[in-house]
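Enquirer: This structure is in structure tokens; I'll ask about it shortly.
The values are calculated or read from the model by the stated rules, or taken from the named source; none is laboratory data. Computed from a predicted model, the values in this text were never measured in an experiment. Note that we place each Cβ from the backbone using ideal geometry, even for glycine, and neighbour counts take in every protein chain shown.
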Amino acid sequence: MSYYVGSIKDKKIFWDPFKAHNPHLTICGSSGSGKTFSIKQIVNTLHKKDVTFTIIDKHGDIVGDNANKPILPITENILSIDSDKGINPLKASGFEGGMKASILSFISLLNELSSGTKLGHEQENMLYHAIEELYYKNKITEDNYKDIERYPDVDDLIRFLKYKYKKTLTGELDSKDLEPLNQLFKSKNKLLKLEKKKVKAESLEIDSEVEELAKKIQNEIEILVEKYRQYLEKGIINDKDFLVYNNQRSLLGLINRLSNINKTGIFVKNEISLYNSCVNIKSLDDEQKKIVTYYILSRLYDFFTNQPITDTVKHYIIIDEASFFMDVPKITNMIIKIVQEGRKFGLGVILSTQNPLHFHTDILLNTATKLIFAIDPIVYKNVSKSFGVDEKSFNYLKPRQNCLYSTKSFNNGKYYTLKRD
């Protein structure tokens, strides 16, 4: 089953991802040029060959609008403040390298999202220790993290950090932890009383009493030293929390940063299915859209690279307005991994864009097939440079009437102008 692209001199041209150099496809075109319609046609064609899909829908217009035929096998998952399911970025991944590596990956992703709100070194350390402690409190270790079904989520993390903030602000400790501190103060007060009695005995020249008090003071000093040692081991001055969360202002800033990211409440334990799913992220802010996209990509890559090697494509990731996500290096690197390694595991990618401004060269080099619809003249140079096509060719493109088509398996990737009919 192949997708009919168009015709040239009455010869019909089909795109067959099963026979192409690789299954990856890039679609470029301005708004209204036919990108969304083509994506729907591709899905409706390929699902008949048991290909499954995950669509990341930035604008929320891919599934079932009135203007175009709906995508029959796809379920739409709308992520918004009303969602009861979402994505949990605190779920550890084998792809990332395990539990601790997943924590570091989450921290680096937050820092890549916005240069103006990067976490400071203190905040990174606080966040790392907080997530790590949450894992251990939930009995998640490097040995069993792959078997855990429900991870703590961002709400849990924020509550946990708020507890740490309250603890460092008020000196809140458990009664058991406070006992060495109480004993220390009692021993100190007793020592002060003995010293006062000794001073008084010395002034009265009562030698026997002075000698007895000196022995008691020495004994009390030894007791005080032991209590102080216990205090250092268990008390407030050496409590790990007061070493890690030692800057309340930084800690409060970290809490506010995570609260802003999680304001729609979509980063939850109960995750959406990615099987034949269109993930509608229209209602999310830009940072949330990028976090969701990264973890969808990493989940799918992690799953499929653990499947047997195959010679056919089994699943497609479709990213609407892919350029929007390419300013995040972790997302770009994730897509590069998929286009370079995904084919042998049956994983393909379709990237749709109005302007390939941020497309990495490795993505375009490893995408065997390219479709260019009518584009805005302002991006002619970008598209010409990125796709390796003569800029003059764009002058003849008309929305929904024709397109430029190139695939590496035919005439070494030369571009042809096809009539869309």
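Enquirer: Do we find that Ser386 is surrounded by 15 or more Cβ atoms within 10 Å (Cβ to Cβ), at pLDDT below 90 and hydroxyl-bearing (Ser, Thr, Tyr) in this structure?
Expert: yes
Enquirer: When only residues in segment 389-421 that are β-branched (Val, Ile, Thr) and surrounded by 15 or more Cβ atoms within 10 Å (Cβ to Cβ) count, which is farthest from Lys12 (Cα to Cα)?
Expert: Looking at residues that are β-branched (Val, Ile, Thr) and surrounded by 15 or more Cβ atoms within 10 Å (Cβ to Cβ), I get Val389.
Enquirer: Right, another one. Going through segment 231-263 one residue at a time, which ones are modelled with pLDDT of 90 or more and of a type outside the set (D, E, K, R)?
Expert: Scanning segment 231-263 gives Ser250, Leu251, Leu252, Gly253, Leu254, Ile255, Asn256, Leu258, Ser259, Asn260, Ile261, Asn262.
Enquirer: Which of (1) surrounded by 15 or more Cβ atoms within 10 Å (Cβ to Cβ); (2) without any contact (Cβ under 8 Å) to a residue 12 or more places away in the chain does Asp57 not meet, given it meets every other one?
Expert: (2)
Enquirer: Yes or no: segment 259-275 includes at least one residue that is part of a helix (DSSP H, G or I), farther than 18 Å from Ser93 by Cβ and among the aliphatic types (A, V, I, L, M).
Expert: yes
Enquirer: A follow-up question, please. Being surrounded by fewer than 21 Cβ atoms within 10 Å (Cβ to Cβ) and of a type in the set (S, T, N, Q) is true for just one of Asn333, Asn280. Which residue is that?
Expert: Asn333
Enquirer: Which residues, taken from segment 121-136, are exposed (fewer than 13 other Cβ atoms within 10 Å of the Cβ) and closer than 18 Å to Thr168 by Cβ?
Expert: Scanning segment 121-136 gives a single hit, His121.
Enquirer: Within segment 291-298, does at least one residue satisfy the condition of being surrounded by 20 or more Cβ atoms within 10 Å (Cβ to Cβ), more than 11 Å from Leu79 (Cβ to Cβ), in the same structural domain as Lys164 (by TED's automatic domain parsing) and not aromatic (Phe, Trp, Tyr)?
Expert: no
Per-residue answers, yes or no, for (1) under 27 Å from Gly346 (Cβ atoms); (2) of a type in the set (Phe, Trp, Tyr); (3) modelled with pLDDT of 90 or more; (4) in a helix (DSSP H, G or I):
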| site | (1), (2), (3), (4) |
| --- | --- |
| Tyr4 | yes, yes, yes, no |
| Ser7 | no, no, yes, no |
| Ile27 | yes, no, yes, no |
| Thr36 | yes, no, no, yes |
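Enquirer: Also, I was wondering about something else. Of everything in segment 137-157, what is under 13 Å from Leu90 (Cβ atoms) and either in contact with a Pro (Cβ under 8 Å, 6 or more places away or on another chain) or in a helix (DSSP H, G or I) (or both)? Give them in sequence order.
Expert: Once the filter is applied, which keeps residues that are under 13 Å from Leu90 (Cβ atoms) and either in contact with a Pro (Cβ under 8 Å, 6 or more places away or on another chain) or in a helix (DSSP H, G or I) (or both), segment 137-157 yields Lys137, Asn138, Tyr145, Val154, Asp155, Asp156, Leu157.
Enquirer: Test Asp376 against the criterion of being modelled with pLDDT of 90 or more, of a type outside the set (Gly, Ala, Ser) and in contact with a Ser or Thr (Cβ under 7 Å, 6 or more places away or on another chain), and give yes or no.
Expert: yes
Enquirer: Follow-up question, since we're still on this one. Residues to consider are Asp65, Asp50, Asp84; find the one that is at pLDDT below 85, surrounded by fewer than 17 Cβ atoms within 10 Å (Cβ to Cβ), closer than 24 Å to Asp320 by Cα and among the charged types (D, E, K, R).
Expert: That would be Asp65, the only listed residue that is at pLDDT below 85, surrounded by fewer than 17 Cβ atoms within 10 Å (Cβ to Cβ), closer than 24 Å to Asp320 by Cα and among the charged types (D, E, K, R).
Enquirer: A further question on this structure: Exactly one of (1) more than 12 Å from the chain's Cα centre (by Cα); (2) closer than 17 Å to Asp155 by Cβ is unmet by Asn333. Its number?
Expert: (2)
Enquirer: Report yes if Lys282 is assigned to a loop (DSSP other than H, G, I, E, B), out of contact with any helix residue (DSSP H, G or I) (no Cβ under 8 Å at 6 or more places or on another chain), among the basic types (Lys, Arg) and more than 20 Å from Leu119 (Cβ to Cβ), otherwise no.
Expert: In short, yes.
Enquirer: Could you tell me how many of the residues in segment 68-81 are crowded, with 18+ Cβ neighbours inside 10 Å and either in contact with a helix residue (DSSP H, G or I) (Cβ under 9 Å, 6 or more places away or on another chain) or modelled with pLDDT under 85 (or both)?
Expert: 3
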